[in-house]
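Everything on this sheet refers to the single structure shown next.
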Amino acid sequence: MSRQIAERTRRGVGESVRRVDGVPKVKGQFAYGSDLWAEGMLYGHTLRSPHPHARIVSVDISEALAGPGVHAVLLADDIPGKKTFGLEFSDQPVLADGVVRYAGEPVAIVAAETQETARRAAGRIKVDYEVAPAVTDPVRALRPDSPQVHPFGNVLRHVRIVHGDPEAEADVWIEGYYETGMQDQAPLGPEAGLAVPAEDGGIDLYVSTQWLHADLQQIAPCLALPEDKVRLHLAGVGGAFGSREDVHMQIHGCLLVQQTGKPVKMSYGREESFFGHVHRHPFRMWMRHGATQDGRLVNLYARFVADGGAYCSSSPAVIGNAATFAAGPYEIPNALVEATMMYSNNPPCGAMRGFGAVQANFAYEAQMDRLAKALGMDPLELRLRNALEPGSILPTGQVVKGVAPVRQIIERLRDMAMPDEPSSGNGRRDPLTLPGGAAGNVGRGESLKRGVGYSIGYKNVGYSEGFDDYHEARVRMFRGPAGPTAEVYSAAAEVGQGVHTIMLQVARTELGIDEVILHPADTGVGSAGSSSASRQTMMAGGAVQLACQGVLQEVFHRVREHHRSMGDDLSVEDGRVVAGGVPIAEIDEFLDQPIEVTRRFHHRETHPLDENGQGDVHVIFVFGGERAVVEVDEELGLTRVVEIAAVQDVGRAMNPQSVYGQIEGGTAQSIGLALMEEIQVKDGLIKNASFTDYLIPTILDMPPVVTELIEEPEPGVPFGAKGIGESATLVAAAAVAGALRDATGRELNRIPVRPDDLVGINPPVDGGPAPASPDVPGPLPIPAYWGLGKDTQHEIGGEGGKG
């Protein structure tokens, strides 16, 4: 359908349509997972290990069971089916069976008549632990003499990419060492769900998740039930950002239903949420770049070691993404990339917005600034000189196809006006405009320095490395009270990004009608895949588009049967069938019988990496860039982000207001990564599992975000639209860190940057040698990992990359 028809339907593709869930959320009427209720329900609670690594000698549940109001206490031996689960690799116990591998691992679950009763009963369970040495340093875990987290070793996945001649000479060499901390997704709504017994012996589970069908495929085998007896329904999700990809309370709640025959609700508090979901992987990165005197990149050596924690989750795909994006959006003819994901006894890590590409971006953009300084070049000119473009060959051998506006992004950022200096007034600035704000600054801004930093990045849209991804949608069109009406059925998870609104916009545009109803998401329709990897706009839009086109084919068939002389030039517009631009009938006339069509959308095929890291591994790419302007008070170590300027490649803005919201939200999370957000893990123990001690940006920390969109439709994808859920998160942290370096002249090779890093306590720039890059202890036991996975992996996994 054309843009004109979208405008005539008023609420179609390309319009800033009001979100379908917006009004109830604003009014406080939206039902999140923690708001669920059922008659006679019990409350579940989880007992978790206090140790990062220990053998379970014995467990005594007698006192817990004897308490009034306690209906069930379950251990690993009580699980009727499969004992383990996992998103990509089934290595995580439903309940610890003989050993715990991280502090917070579930050991027992309790069902009781009140939440407090369940909590107190869990406290009466006596567990005798034999504490074992914990592996908490991923680099040390590489050593042959390191304790083993799992019997098959500590290496989760190793990726090696060889491109061109890694020994190629260059005129100028620069190198650096970089670290990123463990960030939490910090969704405002903690994990929650309600499991309800069904009359057929099955279970209906209402849960906050990102992927209903992946949950189903992990849950059903553990319950020893066929999948058709476990029905999942999407509960309201109070934020996700990757934290809802993995199973949290789902299996536990269903097990308690099986045991008690009653509905069971489980809802985590904030502290338990920190233990109950995965986090962003901490990375250590060594990089070496070679270039010619005129600034042409010649060579890259990159060595990444990442901490995956105790269990697999999405780690194989995360390290795959980090490796394949290690060169950044720049042409480099020669490269050697070694990237290793390690098991440890730290909390499990998995999907988080940006998915490996964030960590790599922080390193390679610092390298670009360092190289520009060594060459005496403007940092934007260096980036322009090496920018990817259509036809460029990536280090994986993949050819960049479609839209790749890297030069345009850099040029637009360069041309955007700088923010004005704050007005001084009577020699004093408003304290809210000073680093630290009114609460944190006692000076008048006498020692402020301003800095400017840039970051350009790119990431895949959709799953990678041969993952067979699809989205199934069903559309039903019928004669309604207000005219032709359509219902859209999809299992797509709305996690706050607006995909449910997008599906309605697509249906209105394709069908040429306004009355479209979205059916609640459940497993009664085929898989929609996960709301992750910036994929749902592309995949959901494609599936709904195909189903709508199938509906129209049937409408047109009925029209031709009625009008025998009618040709092929039929379309719909404003609820009418149009032939050759002339309306001939109302659609209602041909809806005596409803029309229902189910379709699957598949993106183009991708392929796994080969032994040299070569392959056509990603579907399409999305590009973005940001400029950060910061102020630093070097006496106090305080910072203020003055402004973020963003330029985003979107293909086509399906809902412009939503696009701007995604960019601002992603920027906020990335500013948090740059300046304040880090889970403090010491000896395997989380020390700041609360929003008192784990800091996230507030509205007072957020600068103005000035955004420009590049709308150049991507060939071969529905409406030419690219997902943009991750792009801003990808680049903002590196831009802020670059601006802080510009202001202070300090190395700042780790994020989040702490106040101590900005004052005289720590030495500037040349602060001593970086840790040596670890040797790869070869041969790495990758075949052992994948071999084990063949027997235990669910069909949702496999060797394909997810993120």
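The values are calculated or read from the model by the stated rules, or taken from the named source; none is laboratory data. These figures come from a predicted structure and were not determined experimentally. No Cβ is skipped: glycine too gets one built from the backbone with ideal geometry, and neighbour counts run over all protein chains shown. Heavy atoms of the whole protein, side chains included, go into the accessibility calculation; ligands, DNA and RNA do not. Shrake-Rupley method; radii C 1.70, N 1.55, O 1.52, S 1.80 Å.
Structure data summary
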| quantity | calculated |
| --- | --- |
| For region 185-323, alpha-carbon Rg relative to the globular expectation (2.2 N^0.38 Å, N residues) | 1.43 |
| Distant-in-sequence amide H partners of Leu518 (H built 1.01 Å from N, under 5 Å) | Val488 |
| Cα centroid separation - region 24-51 against region 449-519, whole Å | 27 Å |
| In order through region 637-644: 3J(HN,Hα) via Karplus (6.51 cos²θ - 1.76 cosθ + 1.60), integer Hz, x for Gly, Pro | x, 9, 10, 9, 7, 6, 6, 10 |
| Val107 long-range amide H proximity, modeled H, under 5 Å | Leu47, Arg48, Ser49, Ala96 |
| Added length on full extension, which subtracts the Cα-Cα distance from 0.36 nm per residue, Ser58 to Val399 | 117.1 nm |
| Among Ala54, Pro80, Ile161 - extreme Cα towards positive end, dipole of region 41-161, charges at beta-carbon | Ile161 |
| Ala585 paired with Asp415, simple spin-label distance in nm, labels 7 Å along Cα-to-beta-carbon | 5.2 nm |
| Cα-based reach from Lys25 at 24 Å (exclusive), listing lysines while leaving out same-chain residues under 8 positions away | Lys265 |
| Proximal lysines relative to Lys373, as straight alpha-carbon distance under 29 Å, when same-chain residues fewer than 8 apart are discounted | Lys449, Lys459 |
| Average accessible surface area per residue within the chain, 1.4 Å rolling probe, Å² | 37 Å² |
| Interchain or long-range residues, amide H under 5 Å from Asn688's placed H | Gln680 |
| Carbon + sulfur, % of accessible area of region 166-220 - ligands and nucleic acids excluded, 1.4 Å | 48 percent |
| Region 372-402 and region 69-128: distance between their alpha carbon centers, rounded to Å | 51 Å |
| Approximate spin-label separation Thr598-Tyr470, in nm, with each point projected 7 Å along Cα-to-Cβ | 1.1 nm |
| FRET efficiency for Arg119 and Asp683, using Cβ-Cβ distance with R0 set to 45 Å, rounded to 0.05 | 0.95 |
| Estimated inter-spin distance, Leu700 and His607, nm [label 7 Å along Cα→Cβ] | 5.6 nm |
| Equivalent-ellipsoid semi-axes of the chain, from the Cα gyration tensor, Å, largest first | 40, 37, 26 |
| Of all accessible heavy-atom area on region 29-99, the percent that carbon and sulfur account for (1.4 Å) | 53 percent |
| Histogram of C-alpha separations across region 256-363, 5 Å bin width, % | 2, 12, 19, 16, 13, 11, 8, 6, 5, 3, 2, 2, 1, 1, 0 |
| Theoretical FRET efficiency, 1/(1+(r/R0)^6), r = Cβ-Cβ of Gln148 and Glu389, R0 45 Å, to 0.05 | 0.45 |
| Only Lys, Arg (+1) and Asp, Glu (-1) charged, at Cβ; the chain dipole about Cα centre in debye | 640 debye |
| Hull volume in cubic angstrom per residue (convex hull over the Cα atoms of region 109-206) | 309 Å³ |
| Carbon + sulfur, % of accessible area of region 256-313 - ligands and nucleic acids excluded, 1.4 Å | 42 percent |
| Overall Cα dimensions of region 612-758, principal axis frame, Å, largest first | 52, 36, 32 |
| Loop-located trypsin sites (Lys or Arg not before Pro) in region 602-673 whose Cβ has at most 11 other Cβ within 10 Å (DSSP) | Arg604 |
| Extension gain from Ile517 to Ser447, taking 0.36 nm per residue of separation minus the Cα-Cα distance | 19.4 nm |
| At q = 0.16 Å⁻¹, base-10 log of I(q)/I(0) for region 19-163 (Debye sum, equal scatterers on each alpha carbon) | -0.96 |
| Mean-position separation - Cα centroids, region 168-224 and region 570-611, in angstrom | 33 Å |
| Using alpha carbons only: equivalent-ellipsoid semi-axes of region 40-106, gyration tensor based, whole Å | 23, 16, 11 |
| Extended-chain gain in nm, criterion 0.36 nm per residue less alpha-carbon gap, Asp228 and Asp294 | 17.4 nm |
| Relative contact order (%) - region 195-275, alpha-carbon pairs under 8 angstrom, separation at least six | 38 percent |
| All aspartates and glutamates inside 20 Å of Lys126 as judged from Cα atoms, apart from same-chain residues fewer than 8 positions distant | Asp60, Glu63, Asp77, Asp78, Asp97, Glu105, Glu116, Glu272 |
| Environment charge of Ala492, counting only residues whose C-beta is closer than 15 Å and scoring Lys/Arg +1, Asp/Glu -1 | -2 |
| Dipole of the chain [Lys/Arg +1, Asp/Glu -1 at C-beta], most positive-end residue of Gly496, Leu388, Ala306 | Gly496 |
| J(HN,Hα) series, region 33-46, from Karplus relation 6.51 cos²θ - 1.76 cosθ + 1.60, nearest Hz, glycine and proline x | x, 6, 8, 5, 8, 9, 4, x, 6, 9, 10, x, 9, 10 |
| Length-normalised contact order of region 303-344 in % [C-alpha pairs under 8 Å, at least 6 apart] | 69 percent |
| Integer Hz, Karplus 6.51/-1.76/1.60 couplings in order for region 163-171, x for Gly and Pro | 9, x, 10, x, 8, 4, 7, 9, 6 |
